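Structure record follows, encoded as structure tokens.
Where a number appears in this text, it was derived from the coordinates with a stated rule and is not lab data. All values derive from a computational prediction rather than experimental measurement. For neighbour counting, all protein chains shown are included, and Cβ atoms are generated from backbone atoms with ideal geometry for every residue, glycine included.
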Amino acid sequence: MKVAVFSDVHGNLPALEIMLRHCQDVDAFLCLGDLVNYGPWSEECVQRVAALD
């Protein structure tokens, strides 16, 4: 089982999308926090991570 662990996205949707493109064969994701704040795409980042299966 492959697990992608990430944190400190801080609302940076382009960076989140790049990370997700590199994780196409991952079985599970674990977000350690700091998904929102600072960046202009906080809501979009939450929606994108919530949509992960």
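Key figures for this structure:
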quantity: Fewest-first sequence of L52, L35, L30 by Cβ atoms within 10 Å of each Cβ; calculated: L30, L52, L35
quantity: Proxy reagent accessibility, fewest Cβ within 10 Å first, across D8, D53; calculated: D53, D8
quantity: Relative contact order (%) - criterion: Cα under 8 Å, at least six apart; region: the chain; calculated: 46
quantity: Estimated 222 nm signal from helices in the chain, with DSSP H stretches of n ≥ 4 weighted -39500 (n - 2.57), rounded to 500; calculated: -9500 deg cm²/dmol
